[in-house]
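Inspection log for the structure reproduced underneath, given as structure tokens.
The values are calculated or read from the model by the stated rules, or taken from the named source; none is laboratory data. Just so you know, these numbers come straight off a predicted model, no measurement behind them. Glycine also receives a Cβ, built like all others from the backbone with ideal geometry; neighbour counts cover every protein chain displayed. Each accessible area value is taken on the protein alone, full model and side chains, heavy atoms only, with ligands, DNA and RNA left out. Shrake-Rupley method; radii C 1.70, N 1.55, O 1.52, S 1.80 Å.
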Amino acid sequence: MRVGDVMTTKVLTVTGGESLKGAARIMVEAGVSGLPVLDDSGALVGIITEADFVRRQAREDRGGLLNVVLERHDPVSGSTTVGEVMTPSPIVIYPEATVTEAARVMLAHKVKRLPVVDDVGKLVGVVSRADLMSAFTIADDELADTVRNDVLKRVLLLDPAWLDVVVEDGVASISGEVPRR
């Protein structure tokens, strides 16, 4: 199964100039924990997540009087726009990637969502952990079709008619003989 099969395509986004309050409002009202950040031309430039807000809040009280006395300025705690606290150049994935690849990328980078971009870097969706969970809910007959079309036909370059594919409770079994190549 591919990322393009499970990703969310109607994605709320913000620009770097959006206020933090505005971005927070969008996230709370939509029930999402992160938003891709696009520039004026629509290119993906970052992502803002709940973690960015938590990090900003935690830094706001750090140092207190000592920072005032030493005239230190923390650019994150004094920030007011998305562009000032977002994570720039986020880890992305492509719609053609498998859900397994997406899961590995999420685990390796300790992220909960990945922006999905096309060949030119344009945002086409977002895949989240919840989206990946949907792979476990696929009907057995749909999974069998995926094995036939994606694994046998596209990856192994075999005629699916040569083999029997049986899926029971999400476990695929393939039997039969293939001609030697």
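What the table shows:
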item	result
Fraction of accessible area attributable to carbon and sulfur, the range 136-181 (%, probe 1.4 Å)	52
Loop-located trypsin sites (Lys or Arg not before Pro) in the range 1-50 whose Cβ has at most 12 other Cβ within 10 Å (DSSP)	Lys10
Reachable aspartates and glutamates, given that their alpha-carbon falls under 19 Å from the alpha-carbon of Lys110 and they are not under 8 places away in the same chain	Glu50, Asp52, Glu101, Asp131
Kirkwood hydrodynamic radius of the range 86-154, Cα pairs, Å	13.3
Electrostatic dipole magnitude of the range 77-181 [Cβ: Lys, Arg +1; Asp, Glu -1; Cα centre; debye, to 20]	540
Solvent exposure of the chain as accessible area per residue, Å², 1.4 Å probe	64
Electrostatic dipole magnitude of the chain [Cβ: Lys, Arg +1; Asp, Glu -1; Cα centre; debye, to 20]	580
Loop-located trypsin sites (Lys or Arg not before Pro) in the range 103-138 whose Cβ has at most 11 other Cβ within 10 Å (DSSP)	Lys110
Local electrostatic count, Ala130, Cβ distance below 13 Å [Lys/Arg +1, Asp/Glu -1]	+2
Cβ-based net charge around Gly17, under 14 Å, with every Lys or Arg adding one and every Asp or Glu removing one	-3
Phi-based couplings in Hz for the range 44-57 (Karplus 6.51, -1.76, 1.60; Gly and Pro marked x)	6, 10, x, 8, 10, 10, 4, 4, 5, 5, 5, 4, 5, 5
Sparse-neighbourhood loop sites, GluC sites (Glu not before Pro) in the range 126-181 - DSSP loop, at most 13 other Cβ within 10 angstrom	Glu177
Most mobile listed residue (Gly170, Gly46, Gly121) in the chain, GNM with C-alpha springs under 10 Å	Gly170
√(5λ) per eigenvalue of the Cα gyration tensor, the range 1-64, largest first, Å	25, 14, 11
Choice from Val111, Val171, Val37 showing the highest fluctuation, given a GNM over the chain with Cα pairs closer than 10 Å	Val171
Label-to-label distance, nm, for residues given as Glu168 and Ala51 (7 Å Cα→Cβ offset)	4.2
Potential lengthening between Arg154 and Asp118 on full extension [0.36 nm per residue; Cα-Cα distance subtracted]	10.9 nm
